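Trainee: Starting off with a structure, shown below.
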Amino acid sequence: MSVRVAPLPLSPETIAAAGARLAADGLVAFPTETVYGLGGDATSDRAVARIYAAKERPGFNPLIAHVATRDAAEREAFFDPNARRLADAFWPGPLTLVLPRRPDGRVCALARAGLESVALRAPAHEGARALIAAAGRPIAAPSANRSGRVSPTAARHVADDLGDRIDMILDGGPTRVGVESTIVACLGGAPRLLRPGGVPREAIEGAVGARLAAAPDAGSAIVAPGMLASHYAPRAILRLDAVSLKDGETGLDFGGRLGAELDLSATGDVEEAAANLFAFLHRLDAAGASRVAVAPIPATGLGEAIRDRLARAAAPKP
Ligand code: TXA
Ligand code: MG
């Protein structure tokens, strides 16, 4: 495809048209409360193959299947008591559960990268929910960026990165949370945190009444095949936990620590910082920044997800 699609505002009409596209193996980018997703029919090998191709994503990295309802999720996977508690507490919302798949589940093997588990998320965004309902099936949706690049938090980011490779982009404005969903595996035994994200670890631990096992090291664990070390990579070289600017560096500030122009949150609010993070990384790229000093971000609340994404953005590129 070489036609560049323009984002269309979310409306009942564009949602109905996008649902029909999805049901016909089309690719539709759509807003969620976390980041924009690149949606395709999770039950169709053909649609899922198109997602991997558009993103240039390695086939060993499984996708999240998005559902509109808890019932739809229960048709795909087995929920243990912790999974039930977490779904009760945080769905719809920025939480993904990795669960044992049901043998009669519809999410195809390609979307699961052949695993016997399936990643499920019921997003809170009303437009996303309406789209999934209109498609009438689980929707596989990785972040709508080429593999290894910064995740999109605005329709414009998607258009710039993937606009010539997909069928439709729905524009719902900037995303509210700004970092991807928290991923928790409930595969028997204690729940494990596979990726920090939009629901803070503290809230998850409160709901299950126990501490979570730490996220596995980047790149090492088969349980989270997508957690490659270098990810969310802007073009610039990042220096983290900087307390002052060196010559030639552009500052990415937090709480005014560096006195830099670009501040993730001047008041030191990690939720505001999460919502700004990817848009600011996109902006630094657009401005041609080559070296970026990032102020220290606290590791509590959404700060854990921000620090995780920054560490990946700073990792050496393959
Ligand atoms: O907020 C989000 O989660 C966004 C929006 C669009 O919903 N989606 C997203 O998807 O971040 P993606 O594909 O970029 O990240 C999916 C992550 C990957 O790290 C993948 O390895 C992991 O989920 N994953 C998927 N299925 C898995 C499974 N069965 N076991 C372990 N990890 C799994
Ligand atoms: Mg991604």
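The values are calculated or read from the model by the stated rules, or taken from the named source; none is laboratory data. Remember, it's a predicted structure, so these values are computed and weren't measured experimentally. Cβ sites come from the backbone with ideal geometry, for glycine too, and all protein chains shown count toward neighbours. For the accessible areas, the whole protein counts, side chains as well, though only heavy atoms, and no ligand, DNA or RNA atoms are used. Shrake-Rupley method; radii C 1.70, N 1.55, O 1.52, S 1.80 Å.
Trainee: Run residue 237 past the list (1) under 29 Å from residue 95 (Cα atoms); (2) modelled with pLDDT under 95 and report the number of the one that doesn't hold.
Mentor: (1)
Trainee: Among the listed residues 72, 135, which satisfies the condition of being among the small types (Gly, Ala, Ser), within 30 Å of residue 202 (Cα to Cα) and either buried (at least 20 other Cβ atoms within 10 Å of the Cβ) or away from ligand 2 (no atom under 16 Å from the Cβ) (or both)?
Mentor: After ruling out the rest, the residue left standing is 72.
Trainee: Let me ask something else about it. Among the listed residues 301, 226, identify the single one that is open to solvent by less than 60 Å² (accessible area, probe 1.4 Å), under 30 Å from residue 118 (Cα atoms) and at pLDDT below 95.
Mentor: The conditions single out 226.
Trainee: Answer with yes or no whether residue 271 is within 20 Å of residue 35 (Cβ to Cβ) and out of contact with any Pro (no Cβ under 7 Å at 6 or more places or on another chain).
Mentor: For residue 271, the condition - within 20 Å of residue 35 (Cβ to Cβ) and out of contact with any Pro (no Cβ under 7 Å at 6 or more places or on another chain) - is met.
Trainee: Residue under question is residue 147, and the condition is that it be more than 16 Å from residue 72 (Cβ to Cβ), within 16 Å of ligand 2 (Cβ to nearest atom) and open to solvent by 30 Å² or more (accessible area, probe 1.4 Å); does it hold? Give the steps one after another, and end with the answer.
Mentor: Values: more than 16 Å from residue 72 (Cβ to Cβ): yes; within 16 Å of ligand 2 (Cβ to nearest atom): yes; open to solvent by 30 Å² or more (accessible area, probe 1.4 Å): yes.
When the stated conditions are applied, residue 147 passes them.
Trainee: I've got another one for you. Being closer than 26 Å to residue 7 by Cβ, open to solvent by less than 50 Å² (accessible area, probe 1.4 Å) and among the charged types (D, E, K, R): is that true of residue 46 here? First the steps, then the outcome.
Mentor: Details: closer than 26 Å to residue 7 by Cβ: yes; open to solvent by less than 50 Å² (accessible area, probe 1.4 Å): no; among the charged types (D, E, K, R): yes.
When the stated conditions are applied, residue 46 does not pass them.
Trainee: Pairs please, first residue from segment 1-24 and open to solvent by less than 90 Å² (accessible area, probe 1.4 Å), second anywhere and among the aromatic types (Phe, Trp, Tyr), Cβ atoms under 9 Å, 6+ apart in sequence or on different chains.
Mentor: Final answer for the pair search is 10/30; 15/30; 18/30.
Trainee: If you check 127, 178, which single one turns out to be away from ligand 1 (no atom under 11 Å from the Cβ) and touching a residue at least 12 places away in the same chain (Cβ under 8 Å)?
Mentor: 127
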